[in-house]
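Asks: Provided herewith is a single structure, encoded as structure tokens, for subsequent inquiry.
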Amino acid sequence: MSPEPDRLFAQPLPQVPDFAFNEDVVRVFPDMIKRSVPGYPTIVENLGVLAAQFAQPNSVLYDLGSSLGAVTQALRRHVRTEACRVVAIDNSSAMVERCREYLNAQDSMYQELLPVEVIDGDILSLEFQPASVVALNFTLQFIAPEQRLALLTRIHRSLLPGGALILSEKLRFDDDQEHALLADLHVAFKRANGYSELEIAQKRSAIENVMKPDSLEQHRERLLAAGFTKVVPWFQCLNFASLIALP
Ligand SMILES: Nc1ncnc2c1ncn2[C@@H]1O[C@H](C[S@+](CC[C@H]([NH3+])C(=O)[O-])CC(=O)[O-])[C@@H](O)[C@H]1O
Ligand SMILES: O=C(O)C(=O)Cc1ccccc1
């Protein structure tokens, strides 16, 4: 189960299919996300540090759109609170299967880790339990825009006082110049990580129909509309950011 380098878009494709979290993506995912998302390792590790400040006994810590469980692993490295558990959920069966293998490997290396349940399912139909931490790490951008407010409203209802939602997303910018500058710098980041112009172009066309980023202002307004009282950006690297939203 050792991860492979991402060469999924290296050869010219007659027609670039819409991006899907299938077995091909699972095989290269750790390499792909690290080389594509500026700040990803910093966000994941510090998400664990942040979560440790909000975690409460007898509550759930959710990792929504968990992919291979990088956030779940960080939660288990950092959170020392008694009687809480992690629920990771993803609707890609290929991701879930590999995620369970990685978490079993973590279990066999460390003692006294938080218990974790990995659900193969849709976060839009999840029955939330009382939660102290909810992580949406680069997942909301893949949810249909018209479903996003309802999901955040349900998350808000599940959060205990003193808990937090941590939301990481790719951003778009209303100012055309700001948008173009940060988009160009993101391309430079990918180039510096060894992606060719062809890989960058084909990946862009694969994700354009399935991943719809919002602006920081849209996120803030929607989070307030969902019932959150405070929205605090804690990290930004180029056009990728992470926010803390308080219930
Ligand atoms: N409706 C849905 N229900 C459940 N899962 C979903 C849904 N829609 C998309 N997903 C899942 O959300 C994940 C998004 S990746 C998250 C990275 C991870 N958080 C990480 O920190 O490594 C982000 C990226 O690849 O840029 C995929 O695994 C999808 O299957
Ligand atoms: O690659 C990109 O341009 C992205 O915006 C991030 C990304 C990372 C992994 C899967 C899909 C999108």
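The values are calculated or read from the model by the stated rules, or taken from the named source; none is laboratory data. Quantities reported herein were computed from a predicted structural model and do not represent experimental measurements. When we count neighbours, we look across all protein chains shown, and the Cβ atoms used for this are built from the backbone with ideal geometry, even at glycine.
Asks: Out of the residues in region 4-37 that are within 19 Å of GLY65 (Cβ to Cβ) and of a type in the set (S, T, N, Q), which is surrounded by the most Cβ atoms within 10 Å (Cβ to Cβ)?
Replies: Per the stated criteria, the residue is SER36.
Asks: Quick check on my filter: what residues within region 18-45 are outside any helix (DSSP H, G or I), closer than 16 Å to LEU136 by Cα and within 11 Å of ligand 2 (Cβ to nearest atom)?
Replies: Taking region 18-45 and keeping what is outside any helix (DSSP H, G or I), we get 18-22, 37-39.
Right, trim to closer than 16 Å to LEU136 by Cα and you get 37, 39.
Hit for region 18-45 is VAL37, nothing else.
Asks: Another one. Answer yes or no: is there a residue in region 152-172 that is outside any strand (DSSP E or B), among the acidic types (Asp, Glu) and either out of contact with any Phe, Trp or Tyr (no Cβ under 9 Å at 6 or more places or on another chain) or under 20 Å from TYR40 (Cβ atoms) (or both).
Replies: Here is the first cut: in region 152-172, the residues outside any strand (DSSP E or B) are 152-158, 172.
Right, trim to among the acidic types (Asp, Glu) and you get none.
Within region 152-172 (the criterion being outside any strand (DSSP E or B), among the acidic types (Asp, Glu) and either out of contact with any Phe, Trp or Tyr (no Cβ under 9 Å at 6 or more places or on another chain) or under 20 Å from TYR40 (Cβ atoms) (or both)), the answer is no, since none of the residues qualifies.
Asks: Within the set of pairs 6 or more residues apart or between chains, which connect a residue that is on the phi > 0 side of the Ramachandran plot inside region 56-72 to a residue that is more than 16 Å from ligand 2 (Cβ to nearest atom) and among the small types (Gly, Ala, Ser) with Cβ atoms less than 6 Å apart?
Replies: These pairs meet every condition: ASN58/ALA83; GLY69/ALA88.
Asks: Just for region 207-219: of the residues that are touching a residue at least 12 places away in the same chain (Cβ under 8 Å) and part of a helix (DSSP H, G or I), which one is farthest from ASP31 (Cα to Cα)? Explain how you work it out, then say what you get.
Replies: Just the residues of region 207-219 that are touching a residue at least 12 places away in the same chain (Cβ under 8 Å), to begin with: 207, 209-217, 219.
Remaining after also requiring part of a helix (DSSP H, G or I): 207, 216-217, 219.
Values: ILE207: 17, LEU216: 27, GLU217: 31, HIS219: 28 Å.
Only one residue fits best here, namely GLU217.
Asks: Answer with yes or no whether ARG172 is surrounded by fewer than 21 Cβ atoms within 10 Å (Cβ to Cβ), under 16 Å from PRO213 (Cα atoms), of a type in the set (D, E, K, R) and within 16 Å of ligand 1 (Cβ to nearest atom).
Replies: Values: surrounded by fewer than 21 Cβ atoms within 10 Å (Cβ to Cβ): yes; under 16 Å from PRO213 (Cα atoms): yes; of a type in the set (D, E, K, R): yes; within 16 Å of ligand 1 (Cβ to nearest atom): yes.
Yes: the conditions hold for ARG172.
Asks: Using beta carbons and a limit of 6 Å, which pairs, at least six apart or on different chains, have the first residue in region 18-38 and closer than 15 Å to ASN91 by Cα and the second one part of a helix (DSSP H, G or I)?
Replies: Within 6 Å, the pairs are PHE19/ALA206; PHE19/ILE207; PHE21/MET95; ASN22/ALA94; GLU23/ALA94; VAL26/ALA94; VAL26/MET95; VAL26/ARG98.
Asks: Separate question: Of the conditions (1) surrounded by fewer than 18 Cβ atoms within 10 Å (Cβ to Cβ); (2) of a type outside the set (Lys, Arg); (3) modelled with pLDDT of 95 or more; (4) in a loop (DSSP other than H, G, I, E, B), MET1 clears all except one; give me its number.
Replies: Among (1) surrounded by fewer than 18 Cβ atoms within 10 Å (Cβ to Cβ); (2) of a type outside the set (Lys, Arg); (3) modelled with pLDDT of 95 or more; (4) in a loop (DSSP other than H, G, I, E, B), the lone unmet condition for MET1 is (3).
Asks: Scan region 46-97 for residues that are over 21 Å from THR139 (Cα atoms) and charged (D, E, K, R) and jot them down.
Replies: Result: ARG77, ARG80, GLU82.
Asks: Name the single residue that is nearest to ligand 2 (Cβ to nearest atom) among those in region 49-74 being part of a helix (DSSP H, G or I) and buried (at least 19 other Cβ atoms within 10 Å of the Cβ).
Replies: ALA70
Asks: Further question on the same structure: Yes or no: PHE173 touching a residue at least 12 places away in the same chain (Cβ under 8 Å) and in contact with a Cys (Cβ under 9 Å, 6 or more places away or on another chain)? Can you show your working first?
Replies: Values: touching a residue at least 12 places away in the same chain (Cβ under 8 Å): yes; in contact with a Cys (Cβ under 9 Å, 6 or more places away or on another chain): no.
Considered against the rule, which asks whether it is touching a residue at least 12 places away in the same chain (Cβ under 8 Å) and in contact with a Cys (Cβ under 9 Å, 6 or more places away or on another chain), PHE173 comes out as no.
Asks: Across region 175-206, what is the total count of residues that are within 13 Å of ligand 2 (Cβ to nearest atom), more than 22 Å from GLU217 (Cβ to Cβ), assigned to a helix (DSSP H, G or I) and not basic (Lys, Arg)?
Replies: So the answer is 9.
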